[in-house]
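J.: I'd like to ask you about the structure that follows.
Nothing in this text is a laboratory measurement; each read-out follows from the coordinates by a stated rule. Keep in mind the model is a prediction, meaning the values are calculated, not measured.
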Amino acid sequence: MTSQAPAPRGAGITSLPGGEEVTGCIVVGVDGSRDADAALHWAVGEAWLRRDRLETILAWTPDDCPREVLDRAYAPGPHTIEGTALAVVRESVQRAQDPRRPVPVTERAVYADAVEALMSAGAGADMIVVGYRGTSRLRRYLLGSVSVACLHQATRPVVVVRANGGDAADGDTGRPVLVGVDGSAASLAALRWAAEEAKLHAAPLRVVHAWQSPPLLHSGHRIARDREAFEQAAYAVLDDCVAKGLVGGADITLDTRLALGGAAQSLLAAAADARLLVLGARGFGGFAGLLLGSAAYQCVHHARCPVAVIPAPIR
């Protein structure tokens, strides 16, 4: 926003117990909604594993303010928007905190557009974590508008989490981290990120490449040979992605699969038991000018598990 906006207010833990070094930052959007609470809960566990700090942000403007803040600010009593916003952040953090997994947390209520605030704070972060859908009176009618805008604009990984999204239980190492690959730079970046995530959670890594069979333009044994050739080409893409994306060999359980069908449909089916679905922001299938591909967009909107979207490396 402009330089006239009130300065952000914050409070929170600033160091790890025992004096451990904080290695990075995870930025989380907070607004008091169930999806935002789920995102914060997921981010707490992630920050603990990474030894990161959390920066929790609730952004508001007079025209676009979370419903939880508005309802409480205009209730009887000496309330202000800014004070209520900071109280909502603090209460959200208290609900998400796990005494078994203490992490440093900074709590901020910011007079700014939500997307602008998250992009600014997340420019150098390890990742940005947002709920699938918030509660602002403007954006609640625009399904997932903040999360989608973050996916389009971020140059850092963005993780979208929804309430009751099938997050893996503590100690459940059987559920895989799933990543979709197609040979594009973004999908290779996603594969590398997913491999690190699988190691972090001691989880299997499932790598899926979706492919389409050739159209039935003729009949007989030629169709079988054509289909076999397409399938072999798909295996070659999958093997090449693993060779390029997992250089040096990752110390993880690896499961590689071909899926016959469209990318989004195949990945959503394969993610039924996943703890996390990881995708490149845009693969080979979209138009060159698009920042977010169709498969990533569809998976974010329909997957039950958290979805991480990884931007292509900056050249």
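J.: What is the Cα centroid distance between region 184-211 and region 29-101, reported in whole angstrom?
T.: The two parts, judged by their Cα centres, are 30 Å apart.
J.: Amide H to amide H under 5 Å from V30: which residues, 5+ apart in sequence or cross-chain, H placed 1.01 Å off N in plane?
T.: Under 5 Å from the amide H of V30: I57, L58, A59.
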